[in-house]
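Read-outs throughout are calculated quantities, based only on the coordinates presented, and are distinct from any laboratory measurement. All values derive from a computational prediction rather than experimental measurement. Cβ atoms come from the backbone with ideal geometry, glycine included; neighbour counts cover every protein chain shown.
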Amino acid sequence: MTTAPFDFTPLLPAGLPSAASRWTGRPKYDFTGGNNDPDALPLDGLVAAADAVLRREGRTLSTYGLDSGPQGYRALRDFLAVKLKRDAGMNCSADDILITSGSLQGLDLVNHTLLERGDTVLIEEDCYQGSINRLLRLGVTPVGIPLDREGMRIDALEAALAGLKAKGLRPKYIYTIPTVQNPSATVMPLARRTALLKLAADFGVPVFEDDCYADLTWSGHRPPALYGLSDHGNVIYIGSFSKTIAPALRVGYLVAPWSVMSRMLAIKTDAGSGALEQMVLAEYCTAHFTRHLPLLRKALRAKAVTLMESLREDFGAAAEFDDPQGGIFLWVKLSDGVDALKLYKAARGADVAINPGPEWSVNGAHARSRLRLCFANLSHEEINQGVAALAEVCRKEFGVPG
Ligand SMILES: Cc1ncc(COP(=O)(O)O)c(C=O)c1O
């Protein structure tokens, strides 16, 4: 006798996000997501680090929090405090750092601490989809600030702040990805960072700095973090090992003044982020991080070049883009006739996956013909083949390229 499956539907609370679809495997040419270069992953180093740290300290796994307390494995926070000072000019100690389960958990902690339904925040107009969706789900209005080649435009930010103030609205934060922005890959220069911080201070609005690509500038140099430049204690900072080591490890970090860190700790109710990953990262990174990065950057830069060459070859003038300043994405503008959402659907039929621009922007019209392509995960050959297949689909659907 077969029984009907239990029906959970009447039990679901109102306002639950729509159901997820089942995973059916990755497409052959997957230009989506923030996936990294499998060949640049420092596998041998991680294996050796796991072996060493487990033999030395493995028995601390018997304790929630590894005897390091709720902010995460002490050796990893010590590594980060040194790294953030050296690379990003941030004066912070291990006590100012919270290890999170990916920087996405950092985003959630900041949002759930500061935001409530009906709030307004300022974000870059073209922006990380994960950030936009979280805000919309919380009933928060993200006001988009246009970007140029130096990141968030300060004149537009000032106008938005003044406009909101005139309406009696004080945004809860200015969210920015200033160093290798997602998706535009721009890097905000020092002068603009200073100007942004001045506006934030003048209008009494905190800054939420998302810096997960900051180690991936081609030059290896980056301007100081907003967190390091501010003398107001008004910046909350998140970073990640997803883009420098591996996204599947799910290890990120958050740096914040204790006044707000203590509130976030109170809502981080997961009894600690995965400890083994933290131990392995601390062991590996303390010894090898600075040597690993140039190899990763070189591999990523070569793939960025391959992608740009493929696009020039297969799309010609129909694809416009700026040479990215680092990272793993190219933000591409196709001819106006191309509807990126339709292209996305049609491309799936050819086993090609792209991120359609409107999902990475709060300005649908501006992003209508844009795509975000991740070049890190595919091989050079797959990038060539994937772009050729995409051009074929685009030609069939929109007559572009001509
Ligand atoms: C700007 C930005 N922030 C945060 C994240 C989340 O990264 P993770 O949770 O893997 O650290 C991503 C991932 O792509 C991102 O692009």
- Scan around GLU125 for amide H atoms under 5 Å from its own, H built in the peptide plane at 1.01 Å from N, and keep only partners 5 or more places away or cross-chain. ILE145, LEU147
- Message: Can you tell me which lysines have their Cα less than 27 Å from the Cα of LYS268? Leave out same-chain residues fewer than eight positions away.
- Response: LYS83, LYS85, LYS172, LYS243
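Applying a 10 Å radius around every beta-carbon, put 85-96, 158-169 in order of their mean neighbour count, most first.
Per-residue mean Cβ counts within 10 Å order the peptides as 85-96, 158-169.
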- Tell me which lysines have Cα within less than 16 Å of LYS345's Cα, excluding those fewer than 8 residues away on the same chain? LYS28, LYS396
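Which order do TYR29, TYR237 fall in if you start with the one that has the fewest other Cβ atoms within 10 Å?
Working: TYR29 22, TYR237 27.
Listed from fewest to most nearby Cβ atoms, that is TYR29, TYR237.
What is the sum of charges around ALA389, taking Lys and Arg as +1, Asp and Glu as -1, for the other residues whose C-beta is under 14 Å from the C-beta of ALA389? Don't jump to the answer; show the numbers that get you there.
Values: positive: LYS28, ARG348, ARG395, LYS396; negative: ASP30, GLU313, ASP314, ASP351, GLU381, GLU382, GLU392, GLU397.
Spelling it out: positives minus negatives among the neighbours equals -4.
Taking the number of other C-beta atoms within 10 Å as the exposure measure, put LYS28, LYS83, LYS268 in order starting with the fewest.
LYS28, LYS83, LYS268
Could you list the square roots of 5 times each eigenvalue of the Cα gyration tensor of the stretch 237-396, that is, the equivalent ellipsoid semi-axes, sorted largest first and rounded to whole Å? Please report the intermediate quantities before stating the final value.
Details: eigenvalues 253, 85, 38 Å².
Calculated on Cα positions only, the semi-axes equal 36, 21, 14 Å.
Once the convex hull of the C-alpha atoms of the stretch 61-207 is built, how many Å³ does it hold per residue, rounded to a whole number? Provide the component values of the computation, followed by the final result.
Numbers: hull volume 18.7 nm³, N = 147.
In the stretch 61-207, the Cα hull volume divided by residue count equals 127 Å³.
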- Enclosed volume per residue, in Å³, of the convex hull spanned by Cα atoms of the stretch 1-104: 304
- For the chain, how big is Rg over Rh, using alpha carbon atoms and the Kirkwood form of Rh? 0.97
- Note on the structure: Expected vector for the stretch 351-364, Karplus 3J(HN,Hα) from phi with 6.51, -1.76, 1.60 and θ = phi - 60°, integer Hz, x for Gly and Pro, equals 6, 10, 10, 10, 9, x, x, x, 7, 10, 7, 9, 10, x
- Going by how many other beta carbons lie within 10 Å of each one, how would you line up TYR213, TYR73, fewest first? TYR213, TYR73
- Cα pair distances of the stretch 193-278 binned at 10 Å [whole percent]: 15, 39, 34, 12, 0
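Semi-axes, largest first, in whole Å: what does sqrt of 5 times each Cα gyration tensor eigenvalue give for the stretch 45-98?
On the way: eigenvalues 111, 49, 7 Å².
Over the Cα atoms of the stretch 45-98, the ellipsoid semi-axes are 24, 16, 6 Å.
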- Note on the structure: Computed over all unlike Cα pairs, the Kirkwood hydrodynamic radius of the stretch 185-331 in Å stands at 17.8
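Mean separation of Cα pairs under 8 Å and 6+ residues apart, divided by the residue count of the stretch 95-227: what relative contact order is that in percent? Numbers along the way, then the final one.
Values: 179 pairs, mean separation 29.6, N = 133.
Relative contact order for the stretch 95-227 comes out at 22 percent.
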- Query: When DSSP beta bridges are limited to those with both residues in the stretch 43-288, what percentage is antiparallel, rounded to the nearest 5?
  - Reply: 45
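According to the Cα gyration tensor, what semi-axes, each the square root of 5 times an eigenvalue, does the equivalent ellipsoid of the stretch 134-188 have, listed from largest to smallest in whole Å?
Working: eigenvalues 91, 48, 11 Å².
Taking √(5λ) for each Cα gyration eigenvalue gives 21, 16, 7 Å.
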- Message: Using a Cα-Cα cut-off of under 16 Å, which aspartates and glutamates could be cross-linked to LYS165, ignoring same-chain neighbours fewer than 8 residues away?
- Response: ASP119, ASP155, ASP202
- Message: Please report, ordered by residue number, every helix of the chain (full DSSP H runs) that is 15 Å or longer along its axis going by C-alpha atoms and whose mean Kyte-Doolittle hydropathy reaches 1.0.
- Response: 154-166
